[in-house]
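These notes concern the structure reproduced below.
No lab work stands behind these numbers, since they all come straight from the coordinates. Quick caveat: nothing in here was measured; it's all calculated off a predicted structure. All Cβ positions, glycine included, derive from the backbone under ideal geometry; neighbour counts span all protein chains shown.
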Amino acid sequence: MQSTVNYLWHTDDLLGQGATASVYKARNKKSGELVAVKVFNTASYLRPHEVQVREFEVLRKLNHQNIIKLFAVEEMGGSRQKVLVMEYCSSGSLLSVLESPENAFGLPEDEFLVVLRCVVAGMNHLRENGIVHRDIKPGNIMRLVGEEGQSIYKLTDFGAARELDDDEKFVSVYGTEEYLHPDMYERAVLRKPQQKAFGVAVDLWSIGVTLYHAATGSLPFVPFGGPRRNKEIMYRITTEKPAGAIAGTQRLENGPLEWSYTLPVTCQLSMGLQSQLVPILGNILEVEQAKCWGFDQFFAETSDILQRVVVHVFSLPQAVMHHVYIHAHNTIAIFLEAVYKQTNVAPQHQEYLFEGHLCVLEPSLSAQHIAHTTASSPLTLFSMVSETPKGLAFRDPALDIPKFVPKVDLQADYNTAKGVLGAGFQALRLAQALLAGQELMLRGLHWFVEILQATCRRTLEVTRMALLFLSSSLGTERFSNVPGVPEIQELKRAAELRSKLRTLAEVLSRCSHNITETKTTLSKLSSELMKNRDQVHEDRSIQQIQCCLDKMYLIYKQFKKSRMRPGEPQGEQNTHALPSLPPSFPWVSWLSLTLHPVALLEAHYAGGAPWCPGASGLGQGRCLQAACTPVRDMKPFHLCLLPHRGSAEAWML
């Protein structure tokens, strides 16, 4: 246990550790309030005194909801080490959020926007107070859950921060390798002598890398072997990056550099948000300071995104949901043009339904007149013009399942379990998107058919009224004499008129018959659509995948627990801390098969362990499961693929 005058903590409650300090979870001795304490080590006192006190002074100057609060500066009893007492964020950091397997391919759109809003607001407060952070990264952005369950992100770790105006420069180097501006990277990591001075733009580069990481789950610049193993190529990627490129990778050793100007297809952000975000990333991930945006433009462009409203548009031709970001003061014409960019349906050909009714959008009106939409209640777009639509773009999650390492390596197996689980969550999201699209498509088609049926009823009513009028007209034999026209000419003209009326009556009669047949066909089609909608509602694939993921998550947690256990040997005798499973168990094969949409994989002990569902006694040594189709036999394990039974089971757990 360690303490100051007012706070107490245990050294086991370590929250984080750096080169000059460690952060612990602590409590107020009187109130019991949880706080975070930053305890500086002896190495920190080797720095100049003005550097030692800089963090205290910076934090005392700042006061914002998106910046960690400083409560007090105290000292430990005997050693008189300085201790910063700060706000405690119980939900970890943005890095820990991104390290979670469900976010392996980036944050959901709503959560990403929260991160963007909080980071922009916190950075704006820093610039208003003339502060440069110099170590922006996901690990220095803490997460707090508000009273209503919403995420609040806060900038922390101001050990490298200092006062710096927009036109000032500094020469000292701070930061974390993957998030460093290339000029700082060259000097700090490659140890190359250079006399460059750095400005506030170094924070913009770090923000760009952080936002890309949050959006995709991965770093933007990755050389073969990783950023820490191939530092020279890492520097090449960041400095040779073409204008507008937001990512660069090297897939093969000594291979070419590949550039990307868009976010990957696995990203969870909608195309509407991506189209707003990518230009910002392209302009702050710019190594040449003359070409890089300043903070004023960065704040203006990000605020522009955050001030927009989202209109949910479901495209029937594509069966895809689109998010259209517009300002409330924009005209509907701008909205229609934005829809065209995402769907390829020209504005003049766009027709909309909302909650089963035709929705007429007048281009000259304000976008405020558009109905409030949600993901479950969007505008439904259809077009009478046959066009080649853009369909749902996705990457097969099976391609992202990592290769199984055929050796005893706890870290490698942890990474494999995490990677497979991440691919599993991606498969779940894809299945949810496809199922939601199917439901919205069937609902939209049902509405469209109902509108056609109503149109048929109205047309049929008008046709029948016209036939009734014609029938009465054709049955009239009396004609009035027209002055000055001979009676024979009048009769001839009447005969021609009656002939035309009979022809028209025949045409209307056929039309009425066709409309009746169409109405009957539409009625049958409506019934079929209702049946299909019922089948979608009865679909259990999402629940099955979720059940499999729950079991897979238990495996991942066991690996994580074993990996984090201090002082534990990682040899053959203590593999994975799963004593009931042999080291050779084919995790990847099992985890991959659990994602199969038709059948569910079950693994069970064929030797008759008490928890084996197929065992009728100990030592039987054979599978007694009915309908078992062997996939792979092992001693003493047996994998089998069972037909869908409505629930997922993984008996090895």
Derived scalar couplings ³J(HN,Hα) [segment 187-199; Karplus, 6.51 cos²θ - 1.76 cosθ + 1.60; whole Hz; x for Gly, Pro] = 8, 7, 9, 7, 6, 8, x, 7, 10, 5, 9, 10, x
message = Once you order the gyration tensor axes a ≥ b ≥ c over the Cα atoms, which shape class does segment 51-133 get: rounded for a/c under 1.5, otherwise prolate or oblate by comparing a/b with b/c?
response = oblate
task = Would you kindly compute the Cα radius of gyration of segment 151-302 and its largest Cα-Cα separation (Dmax), both in Å?
result = 15.4, 44
request  = Loop only per DSSP, at most 13 neighbouring Cβ atoms within 10 Å: give me the GluC sites (Glu not before Pro) in segment 246-350, ordered by residue number.
outcome  = E253, E288
query = Using a cut-off of 29 Å between alpha-carbon atoms, which lysines can reach K492, once sequence neighbours fewer than 8 places away in the same chain are excluded?
reply = K500
remark   = Once amide hydrogens are built 1.01 Å from N within the peptide plane, the residues lying 5 or more places from I131 or on another chain with amide H under 5 Å from its amide H are L164
key: Dipole magnitude (debye, nearest 20) for segment 1-88, charges at Cβ of Lys, Arg, Asp, Glu   = 120
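Beyond 29 Å, what share of the Cα-Cα pairs of segment 394-576 is found? Please give it as a whole percent. Walk me through the intermediate numbers first.
Values: 10107 of 16653 pairs.
Result: 61 percent of Cα pairs exceed 29 Å.
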request  = Would you mind checking the radius of gyration and Dmax of segment 1-88 based on alpha-carbon positions, in Å?
outcome  = 12.6, 36
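Could you list the trypsin sites (Lys or Arg not before Pro) in segment 249-308 that lie in coil according to DSSP, counting only those with at most 14 other Cβ atoms within 10 Å of their Cβ? Kindly include the intermediate steps, with their values, before the conclusion.
On the way: sites: R251, K291, R308; in loops: R251, K291, R308.
Listed in order of number, the matching sites are R251, K291.
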Assigned charges on the beta-carbon of Lys, Arg, Asp, Glu; segment 91-303 dipole about Cα centre (debye) = 740
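Kirkwood Rh, Cα Rg: Rg to Rh for segment 216-302? Walk me through the numbers on the way to the answer.
Details: Rg = 13.8 Å, Rh = 13.9 Å.
With Rh from the inverse mean 1/r over Cα pairs, Rg/Rh is 0.99.
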task = Return the sequence-ordered ³J(HN,Hα) values of segment 511-528 in whole Hz as given by the Karplus equation 6.51 cos²θ - 1.76 cosθ + 1.60 applied to θ = phi - 60°, using x for Gly and Pro.
result = 4, 4, 5, 5, 5, 4, 5, 4, 4, 5, 4, 5, 5, 5, 5, 4, 5, 5
key: Orientation-averaged projected area, Cα convex hull of segment 312-382 (nm²)   = 4.1
Estimated vicinal HN-Hα couplings, Hz - segment 158-165 in sequence order (Karplus 6.51, -1.76, 1.60; Gly, Pro = x) = 9, x, 9, 6, 7, 6, 7, 7
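With the alpha-carbon atoms as the only input, what is the per residue convex hull volume for segment 326-436 in Å³? Intermediate values should be presented prior to the final figure.
Working: hull volume 15.7 nm³, N = 111.
Cα convex hull per residue, to the nearest whole number: 142 Å³.
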Y7 long-range amide H proximity, modeled H, under 5 Å = K29
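Counting each pair of different Cα atoms once, what's the Kirkwood radius of segment 264-411 in Å, rounded to one decimal? Before the final figure, lay out each step's value.
On the way: mean 1/r = 0.0558 Å⁻¹.
One over the average 1/r among Cα pairs gives 17.9 Å for segment 264-411.
Would you mind calculating the relative contact order of segment 424-548 from Cα pairs under 8 angstrom and at least 6 residues apart, reporting the percent as a whole number? Show your work: numbers first, answer last.
On the way: 54 pairs, mean separation 64.7, N = 125.
Averaging sequence separation for qualifying contacts and normalising by length gives 52 percent for segment 424-548.
Computed FRET efficiency, Cβ-Cβ of T521 and L358, R0 22 Å: what is it to the nearest 0.05? Present the calculation step by step, with values, prior to reporting the outcome.
Values: r = 21 Å, r/R0 = 0.96.
So the FRET efficiency works out to roughly 0.55.
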ask   = Rg (Å, one decimal) plus Dmax (Å, integer) for the alpha carbons of segment 39-196?
value = 17.0, 52
task = Determine, for M123, M1, the number of other Cβ atoms within 10 Å of each Cβ, and report the residues in order from fewest to most.
result = M1, M123
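Ranking M321, M552 by Cβ neighbours within 10 Å, fewest first, what do you get? Walk me through the intermediate numbers first.
On the way: M321 17, M552 24.
Going from least to most buried by this count: M321, M552.
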Entries of K25/K82; K30/K561; K341/K519; K29/K561 with Cα pairs more than 25 Å apart = K30/K561; K341/K519; K29/K561
message = Can you give me the long-range amide H partners of V320? Hydrogens built in the peptide plane at 1.01 Å from N, cutoff under 5 Å, separation of 5 or more residues or another chain.
response = S315
